[in-house]
Amino acid sequence: MPAGAPAAAQPAAVQPAAVLIRHRDGSAAGREAAKRIAEEARRAGVAVVGIRGAALVPKGREVRYLQGADAGEAERLAERFRGRWGSAWEVRAPGSAARPAPMAAAARPAPAHTLEVWLPHR
């Protein structure tokens, strides 16, 4: 490289998606389902940052994304789950009506590229 030539721009490191799996508080079926979901997410290359109970859960299975840039990753993960467990997986955007707030009761803010998987099992 000639003296004084600008250095080539280094591509920004893309941070992989991470997923927080939420199930109904006190539900043994929900905990077991969350473990299976976590295993499948890991096989898909997604980091599992936790499995937590929640007092309120949606009526159906959902993959939620917190940032618009993560919509494609949420759809990819939901599609993988659909292939494994059927088509009952919905992808939800931030601000969708009639659902518990993302990261409810979380003590710290969600890391970048975090997805949420919500399970309705009783």
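The values are calculated or read from the model by the stated rules, or taken from the named source; none is laboratory data. Owing to the predicted nature of the structure, the values given are computational and were not obtained by experimental measurement. Every residue, glycine as well, gets a Cβ built from its backbone with ideal geometry; the counts of neighbours run over all protein chains shown.
Is there any pair with a first residue in region 19-46 that is of a type in the set (Ser, Thr, Tyr) and a second that is outside any helix (DSSP H, G or I) whose Cβ atoms are under 8 Å apart and which are 6 or more apart or on different chains, and what are they?
Note: pairs meeting the criteria are 27/53; 27/121; 27/122.
Among the candidates 75, 32, 62, which residue alone is at pLDDT 95 or above and over 12 Å from the mean Cα position of the chain (by Cα)?
32
Exactly one of these conditions fails for residue 71: (1) buried (at least 17 other Cβ atoms within 10 Å of the Cβ); (2) in a helix (DSSP H, G or I). Give me its number.
Result: residue 71 passes all but (1).
Within region 1-20, can one find any residue that is over 12 Å from residue 116 (Cβ atoms) and either at pLDDT 95 or above or among the acidic types (Asp, Glu) (or both)?
Looking for residues that are over 12 Å from residue 116 (Cβ atoms) and either at pLDDT 95 or above or among the acidic types (Asp, Glu) (or both), one finds none in region 1-20, hence no.
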